[in-house]
Amino acid sequence: MFENAFKGDNGIIWFLHLPAKATIRIFSLTGGEIATIEHDDAKRAASGQFTGQEEWKILSGSGVPLVSGIYVYTVESDLGKQVGKFVILR
């Protein structure tokens, strides 16, 4: 569901094979919500971006780079909810 591509010091995580509309939420292991991404293929297509994917710079909602650790994400859509996890190593 995601792919990691490092760019610069912070890095980027790509969420791939997304449904047309979805909400992606990233959480710390303690359950604190770090970021929310609203995915909409129609908006991406209208702006000339590829559909079915979303990129996330590895930053908190306040723009602070995340520290090394394990993080949990959810992808929610009309098709249901998927839960996964990823690791950041700095």
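The values are calculated or read from the model by the stated rules, or taken from the named source; none is laboratory data. Values in this document were obtained by computation on a predicted structure and should not be read as measured data. Using ideal geometry, Cβ is built from the backbone for each residue, glycine included, and neighbour counts are taken over all protein chains shown.
Some points to look at:
- Only one entry of Glu38, Glu3, Glu33 meets the criterion of being among the charged types (D, E, K, R), in contact with a Leu (Cβ under 8 Å, 6 or more places away or on another chain) and either at pLDDT 95 or above or surrounded by fewer than 16 Cβ atoms within 10 Å (Cβ to Cβ) (or both), and that entry is Glu3.
- Criterion: in contact (Cβ under 8 Å) with a residue 24 or more places away in the chain, closer than 20 Å to Gly11 by Cβ and over 9 Å from the mean Cα position of the chain (by Cα) - qualifying residue of Ser60, Ser77, Ser68: Ser60
- Residues (outside any loop (DSSP other than H, G, I, E, B) and either on the phi > 0 side of the Ramachandran plot or among the hydroxyl-bearing types (Ser, Thr, Tyr) (or both)) located in the stretch 61-90: Gly69, Tyr71, Tyr73, Thr74, Ser77, Gly80
- The lone exception for Phe50 - which of (1) part of a loop (DSSP other than H, G, I, E, B); (2) surrounded by 15 or more Cβ atoms within 10 Å (Cβ to Cβ) it fails: (2)
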